[in-house]
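The values are calculated or read from the model by the stated rules, or taken from the named source; none is laboratory data. As the structure is a prediction and not an experimental result, all values here were calculated from the model. Counting neighbours? That spans all protein chains shown, and the Cβs are built from the backbone with ideal geometry, glycine included.
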Amino acid sequence: MSILKVARIAHPVLRSPAKPVPRSAFKNPLFQKLVDDMRETMYEYEGVGLAAPQVHESLRLAVIEVGGHDGRAKAEVPFMVLVNPVITPLGEETVTGWEGCLSIPDLRGIVPRLARLKLEALDRHGKPYALEADGFFARVIQHECDHLDGGVYLDRMQGMRSLTFIKEFEDHIHHDEE
Ligand SMILES: [Zn+2]
């Protein structure tokens, strides 16, 4: 497995709508290697999700895992692969929360997101699945799916006043919230 180079904003691949993964991809060892490499890359940079455009592949593919990377705690969301995902809102409620992105290093900001959603996608072998998500899990799904449409979380912020460097977040904001 390899650690892949992560595209940063202003690279055109992050602003282009990604192409659907074709049925023929699932049996292709290169596609399976891409999924494994994306998993390694997500772990390496301690992300909770990674979309294929972030590693210079314009495909509707993302990986997610929340918690459990270090093996100490059970994963909150076990490793999952989203191929050609489709989000359907469940209700109109939105919630705000902090987000960061490996393609926008060192920054965080407050982003409104759907509180609940239904996700329909294919797994890494092309098998369809559907699930309902809320809370941080729903937030991560929406963040990764935005990448597949050429979006980043900055586009969703209601203003830039909450934008912060991670160091200043730890110094000034994180402690206030505890
Ligand atoms: Zn991101």
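Which residue is surrounded by the fewest Cβ atoms within 10 Å (Cβ to Cβ), if the candidates are limited to the range 16-58 and must be over 26 Å from PHE136 (Cα atoms) and of a type in the set (Gly, Ala, Ser)? Step by step, filter the range 16-58, then rank; the result is SER24.
The set of residues in the range 138-151 that are within 11 Å of the ligand (Cβ to nearest atom) and not hydrophobic (A, V, I, L, M, F, W, C) comprises GLN142, HIS143, GLU144, ASP146, HIS147, GLY151. The set of residues in the range 3-15 that are out of contact with any His (no Cβ under 8 Å at 6 or more places or on another chain), surrounded by 13 or more Cβ atoms within 10 Å (Cβ to Cβ) and not β-branched (Val, Ile, Thr) comprises ARG8, ARG15.
Okay, residues lined up against (1) touching a residue at least 12 places away in the same chain (Cβ under 8 Å); (2) in a helix (DSSP H, G or I); (3) out of contact with any helix residue (DSSP H, G or I) (no Cβ under 6 Å at 6 or more places or on another chain):
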position: VAL6; (1), (2), (3): yes, no, no
position: ALA10; (1), (2), (3): no, no, yes
position: VAL21; (1), (2), (3): yes, no, yes
position: PHE26; (1), (2), (3): yes, yes, yes
position: ASP37; (1), (2), (3): yes, yes, yes
position: PRO53; (1), (2), (3): yes, yes, no
position: GLU57; (1), (2), (3): yes, no, yes
position: GLU65; (1), (2), (3): yes, no, yes
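Kindly indicate whether ALA138 is in a strand (DSSP E or B) and not charged (D, E, K, R). For ALA138, the condition - in a strand (DSSP E or B) and not charged (D, E, K, R) - is not met. Before we move on, is ARG72 modelled with pLDDT of 95 or more, surrounded by fewer than 20 Cβ atoms within 10 Å (Cβ to Cβ) and in a loop (DSSP other than H, G, I, E, B)? No.
Quickly run through the range 23-49 and pick out the residues that are closer than 18 Å to LYS127 by Cα and within 15 Å of the chain's Cα centre (by Cα). Across the range 23-49, the qualifying residue is only VAL35.
Condition check ((1) more than 26 Å from THR41 (Cβ to Cβ); (2) among the small types (Gly, Ala, Ser); (3) more than 15 Å from the chain's Cα centre (by Cα); (4) within 16 Å of the ligand (Cβ to nearest atom)) across all residues:
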position	(1), (2), (3), (4)
VAL81	no, no, no, no
PRO89	yes, no, yes, no
ARG108	no, no, no, yes
ARG113	no, no, no, yes
PHE136	no, no, no, yes
TYR153	no, no, no, yes
MET157	no, no, yes, yes
LEU163	no, no, yes, yes
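Taking the conditions (1) out of contact with any strand residue (DSSP E or B) (no Cβ under 7 Å at 6 or more places or on another chain); (2) more than 16 Å from the ligand (Cβ to nearest atom); (3) part of a helix (DSSP H, G or I) in turn, PHE169 satisfies each one other than (1). Flag: VAL63 does not match the condition of being buried (at least 19 other Cβ atoms within 10 Å of the Cβ), under 20 Å from TYR129 (Cα atoms), more than 16 Å from the ligand (Cβ to nearest atom) and under 14 Å from the mean Cα position of the chain (by Cα).
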